[in-house]
Amino acid sequence: MSDRTAFLDRLRERLAVPAPENLPHPLVHAEAVPPVEYALDLTDLADAFERAVSATGAHVLRGTAPEVLQSVLAATGAQRVVASKDAPAELGLPAYSGPVEAEQADLGVTGALYGIAATGTLVLHAGLAGGRTASLLPPVHLALLPVDRLLRDSGELFRKMGERLPDGLPSQLVFVSGPSRSADIELEVTVGVHGPRELWIGLVS
Amino acid sequence: MKNTASTLRERSAVAVVDEQLQGALENATDRFANQKAVGTAAVANWEELRTAARSLRAQVLARLPEVLEELADKIEARGGHVHWAADADDARNYVLEVAKRHDAKLVVKSKSMASEEIHLNDALAASGIEAVETDLGEWIIQLAKETPSHIILPAIHKNRRQIAEVLSQVADGDLSDVPAELCAFAREQLRSKFMQADMGISGVNFGVAETGSIAIVTNEGNGRLVTSVPPVHVAVMGMERVLQTWEQFDLMLALLPRAATGQQITTYVNMVSGPRRAGEVDGPDEFHLVILDNGRSDILGTEFQEILHCIRCGACLNVCPVYRQIGGHAYGWVYSGPVGAVLTPLLHAAENELQNASTLCGACWQACPVGIPLQDLLLGLRRRKAESTGGVEKLGWQAWSTAWSKPALYDATTRLGGVSAKIVPESWTPVEWREGRTIPRPEAGSFRRWFEHE
């Protein structure tokens, strides 16, 4: 606690006299945070979401949860499947037990709390999922997102937190936009460095 | 090639003749600068956001003690721990203490420039703890025993063959230089580290005070793994990297990825609020946030305070004519490019020439998503240095200034200058003035004198 007091006292001391104004380029005061205006066609959220998701290199399927799961199993040949607590109950998949189990799986199946159309983003909630690694450790991730949970843009979440997350922030909230990628080697984009190399999103009604 | 020469001028001289570095820098900075234009086109009110961001960062800094207190209180309310580190030593000791308490032997790290600033990896190694960087570029340079040469692409100065050589050090044979294969190797190697690590150390892109949260953005997923698998998570955050509200974060999230790489959003945005909770089968049992001062408070209240607005996007590097020629290593420290040229002399007093690594073109200011007037700060640093320099140079400037403030003296000295130019040999002029050009010879008199007599 004494570390904290000394630390903050130092800041207060330094801030006691405000920094000199930059006269050639004065600061223009902003009273409020302006919302981000996207130059995107967001009239049909599902279509916009699908376009944005495809741009990230992920796949979108529409249908019922069991149909989507079948398609993904066929496309990927996955044998060992783990699921998080928020995967649709109708799939009958037991919730995974921890990272060791997730690490050994070929496919992780999860739900998603929201989808964000402007950027093709999934919003994953660790409390609802009962954990963090079902969507992260297996090489393929399938997220089942109800189409009525699509939001226009991230502002619809961040500017309305009370409404969108009535119980507050979970231990971890993650935005996922596409498969894991890196361009660290000569700027050549490679997928699947560390996180999943394939991302499938089932837009379910 | 390692650039270990001691002055900015010497390091730059090494960098500009390194053809591979030159090619890599041109390629990367062009690509990012072009992609940024595409990325920002998706935002209709980019300039409005930049202007607002500058003001909002200033508003947060003006209330920094209250904002940090709110962040800390809310983290502690969730059972997290907050350590207030006055300097690098303090921060290192705390992290070591946490590691020792958990008998940690292996630590995985996701990108944290603050942790490089305080030489955390060296301190861990000295205590017998293996600390593995997991960001692919950072892992490559860690194995190569080098420092990062770009904020976003730490290994940009290496080509695929060099990277293959570096990674082959930890492989069972020589690796091919195909990026996809090198990445597959990295995935496999680092995956086992993630699974076995005793502790994860991350940086923080933004702390968000209103809910006691930290946000980490990555494309690879290592930021999620480091904060999800090991039983302990320690986050290191420069004290100025905070926001008050999620509304402000939404604004920063619109700016940061687009300015950095032109992406609409990074693959992952990881928002952590304390350790795991009941009913969760994974996630760390302990969460620690280290809030780092290490000289930042000295910048508060000065004309340089705005450098603390920086969100570490790297956009200024990509447009800087100087950075594009000399690369990150020439700056001699963790932060390079225009932001490094301002921040390094302020935090690391030994490096006090970096403000000269600039043409004052202002491209950095134009590129900066939060509108930091970097060229004003560079000028301020130069002025500060000139004011503190004494000796012959100062007398010389004063003499010149006096001479040219009086018309009669101006007239006399220019005539004298013209005459003496004919007798003073060129080799008496400073060598830097002569490199690559012929010194023009002054005329015998002033233009006005010639005009009056013609």
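The values are calculated or read from the model by the stated rules, or taken from the named source; none is laboratory data. The model shown is predicted, which means the values in this text are computed figures rather than measured ones. As a convention, Cβ positions derive from the backbone with ideal geometry for all residues, glycine included, and neighbour counts pool all protein chains shown. Note: accessible area is taken over every heavy atom of the protein model, side chains too, but ligands, DNA and RNA are not part of it. Shrake-Rupley method; radii C 1.70, N 1.55, O 1.52, S 1.80 Å.
The slack in the chain from B:Gln189 to B:Arg101, taken as 0.36 nm per residue of separation less the alpha-carbon distance, amounts to 29.0 nm. Chains A and B: how much accessible area gets covered up at their contact, both sides added, probe 1.4 Å, in Å² to the nearest hundred? Protein heavy atoms only, the A-B interface buries about 7800 Å².
In Å, the Kirkwood hydrodynamic radius of the protein assembly as shown over pairs of distinct alpha carbons?
Mean inverse Cα-Cα distance, inverted, gives 26.5 Å.
Derived scalar couplings between HN and Hα for segment B:348-358 equal 9, 3, 4, 8, 10, 10, 4, 5, 7, 7, 7 Hz in order, rounded to whole Hz, by the Karplus curve 6.51 cos²θ - 1.76 cosθ + 1.60 (θ = phi - 60°), x for Gly and Pro. Rg of the Cα atoms in segment B:242-310, relative to 2.2 N^0.38 Å, amounts to 1.50. Shape analysis of segment B:1-65 based on the Cα gyration tensor places the equivalent ellipsoid semi-axes at 36, 22, 7 Å, largest first. The trypsin sites (Lys or Arg not before Pro) found in segment A:123-205 that occupy coil by DSSP, while having at most 14 further C-beta atoms within 10 Å, are A:Lys160.
As a calculated quantity, the FRET efficiency between A:Asp167 and B:Asn352 at R0 = 41 Å, using C-beta atoms, amounts to about 0.20. Counting only protein heavy atoms and a 1.4 Å probe, the protein assembly as shown has 41 square angstrom of accessible area per residue. Partner shielding of B:135-145 amounts to 2, given as the average count of beta-carbon atoms from other chains within 10 Å of each residue beta-carbon. What fraction of the DSSP beta bridges in chain B is antiparallel, stated in percent and rounded to the nearest 5? In chain B, DSSP labels about 25 percent of beta bridges as antiparallel. Per-residue shielding of A:112-118, expressed as the average number of other chain Cβ atoms within 10 Å of the residue Cβ, stands at 1. Contact with the other protein chains removes 40 Å² or more of accessible area, compared with the isolated chain and a 1.4 Å probe, from these residues of segment B:165-203: B:Pro179, B:Cys183, B:Arg187, B:Arg191, B:Met195.
For segment B:1-131, the carbon plus sulfur part of the accessible surface works out to 50%, probe radius 1.4 Å. Considering only beta bridges that DSSP places wholly inside segment A:1-160, some 20 percent are antiparallel. When chain A is treated as a Gaussian network with alpha carbon springs shorter than 10 Å, the biggest mean-square fluctuation among A:Ala16, A:Ala143, A:Ala83 belongs to A:Ala16.
Who wins for biggest fluctuation among A:Pro146, A:Pro35, A:Pro88 in a Gaussian network model of chain A, springs between alpha carbons below 10 Å? Top of the fluctuation ranking is A:Pro35.
For segment B:318-433, the share of accessible area belonging to carbon and sulfur comes to 64 percent (1.4 Å probe, ligands and nucleic acids excluded).
So how tilted is helix B:374-388 from the main axis of chain B? Cα-based, degrees 0 to 90, rounded to 10. Here the helix axis deviates by roughly 60 degrees.
Within a straight-line Cα-Cα reach of under 19 Å, A:Lys160 cannot be paired with any lysines, leaving aside sequence neighbours fewer than 8 residues apart in one chain.
As I understand it, the value is the acute angle between the Cα axis of helix B:179-196 and the longest principal axis of the Cα atoms of chain B; what does it come to in degrees, rounded to 10? Between helix and principal axis, roughly 50 degrees. Where the alpha-carbon atoms of segment B:322-454 are placed on the principal axes, they occupy 57, 32, 31 Å, in descending order. What is the antiparallel percent of DSSP beta bridges lying wholly in the protein assembly as shown, to the nearest 5? About 35 percent, rounded to the nearest 5.
Using θ = phi - 60° and the Karplus form 6.51 cos²θ - 1.76 cosθ + 1.60, what ³J(HN,Hα) does each residue of segment A:153-164 get, whole Hz, x for Gly and Pro? Calculated HN-Hα couplings, in order: 8, 5, x, 5, 8, 5, 8, 9, 4, x, 7, 7 Hz.
Pop the C-beta distance of B:Ala403 and B:Asp89 into the FRET formula with R0 = 60 Å and round what comes out to the nearest 0.05. About 0.75, to the nearest 0.05.
Across segment B:298-320, the residues whose backbone nitrogen lies under 20 Å from the label position 7 Å along the beta-carbon direction of B:Cys361 are B:313-320.
The Stokes-Einstein estimate for chain A, based on a Kirkwood radius over Cα pairs and taken at 20 °C with 1.002 mPa s viscosity, is a diffusion coefficient of 111 µm²/s. Between A:Glu21 and B:Gln35, the C-beta separation translates, for a Förster distance of 45 Å, into a calculated FRET efficiency of about 0.85. Taking 7 Å steps out from each Cα toward its Cβ at A:Val100 and B:Glu26 produces label points 5.5 nm apart. What would the Debye equation give as log₁₀ I(q)/I(0) for chain B at q = 0.09, 0.12 Å⁻¹, counting only Cα atoms as equal point scatterers? Debye curve over Cα of chain B, log10 I(q)/I(0) at q = 0.09, 0.12 Å⁻¹: -0.65, -1.06. Based on the alpha-carbon gyration tensor of segment A:1-105 and its eigenvalue square roots a ≥ b ≥ c, which shape applies: rounded if a/c is under 1.5, prolate if not and a/b is larger than b/c, or oblate? It comes out oblate by the Cα gyration axes. Looking at the P(r) of segment B:84-232, how many percent of alpha-carbon pairs lie beyond 19 Å? That tail contains 55 percent of the Cα-Cα pairs.
Each part reduced to its alpha carbon centroid, segment B:285-347 and segment A:50-66 end up 39 Å apart.
Under the simplified labelling scheme, the B:Trp433-B:Ala44 pair shows an inter-label distance of 5.7 nm, with each label point 7 Å from Cα along Cα→Cβ.
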